[in-house]
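Each remark here refers to the structure printed beneath this line.
Since every read-out is calculated from the coordinates, none of them should be taken as a lab result. In this text, all values refer to a predicted model and were calculated from it rather than measured experimentally. Cβ placement follows ideal geometry from the backbone for every residue including glycine, while neighbour counts extend to all protein chains displayed.
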Amino acid sequence: MEKGSRHFMRSPARILKKIYQLYKLNPRRRELENEISAALGREIRLHAKPTKSRDRSSIYWAKNDGRNVGILRLLNPYFEPGPIPPNDSSPRYLLPMKYRLAHEWDAYSLLHPIGLSPEPIWHCKDATMGSHVDWPRVSNQLIANPDRFWRIMERVIPTLRSMHDLGIFHMDLNMGNILADEDGDGIMFIDFEYAGAVGLTPPQQKAFDYLQMISNTTRRRRGGDVLRADTDRMASLLDASIDTDTRNADLVFATNTLAKIDAIPGLHDSLKSVFTNL
């Protein structure tokens, strides 16, 4: 049985909820089609894209003459976030809806000129459209072929340094938020929905991006077995890219992320050679 079929059988209520959500958004979808078509000077039709998104937004293919020309994210006005836990010590927070799209648009506007994100094409108060990039997510590539792990990390880590040099911090960096060109060296970052907690310095946010990414790769379906076999290699890649302030950042705020790293034999000791306060 295919993965999608298993998901449907496990969560029929969730699937129906998503269908109903898209139905309620249809009037706004049609308005957006007219607005974007007028702005771009060509007919654009929006088609819902299957996604595991958590209801706070819906994703659409933007098509012209049946060809994918972009991806549109539409905020869901019916989404009701749960209460924020008291004394939440998380190093990041999900941006409020009215700021989230602008944050991603600004990130893409800086990253796209150096090839590190899709092109920002069009946006308004509740939707943003970027170019369609026909590269798979790194998470899917590693599931299909874990042996690609080091080849991909050799590209991702220095590229992440380039992003940080522009003053952009992701704060939700996992293998699902990175696109990689299978036939070349290209890397792109997507889905900028989080910001650093108040008080975190730029070096701390940079360090968190690296550590959060590494903790995500400890999962077996995201290259974990390959990482376990050579934790020093990860340290070597980091050592060649990370600046001095990031190396010396205070990491006391990253408790949960560090716990995942500590659970992998040898990984903490390897990374200690890079992050002095680990």
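Couple of notes before you dig in:
- Those trypsin sites (Lys or Arg not before Pro) in region 90-183 that DSSP places in a loop and that have at most 12 other beta carbons within 10 Å: K125
- Cα-based reach from K98 at 15 Å (exclusive), listing aspartates and glutamates while leaving out same-chain residues under 8 positions away: E80, D106, D126, E193
- On Cα atoms only, tilt of 26-40 relative to the major axis of the chain in degrees: 80
- The chain: calculated mean residue ellipticity at 222 nm from DSSP helix runs of at least 4, using -39500 (n - 2.57): -13000 deg cm²/dmol
- If you take the Cα centroid of region 94-140 and the Cα centroid of region 147-223, the two points sit 15 Å apart.
- Trypsin sites (Lys or Arg not before Pro) restricted to DSSP loop in region 21-50 with at most 14 other C-beta within 10 Å: R42
- Dipole of the chain, positive end: most advanced residue of Y60, V198, N216 [Cβ charges, Cα centre]: Y60
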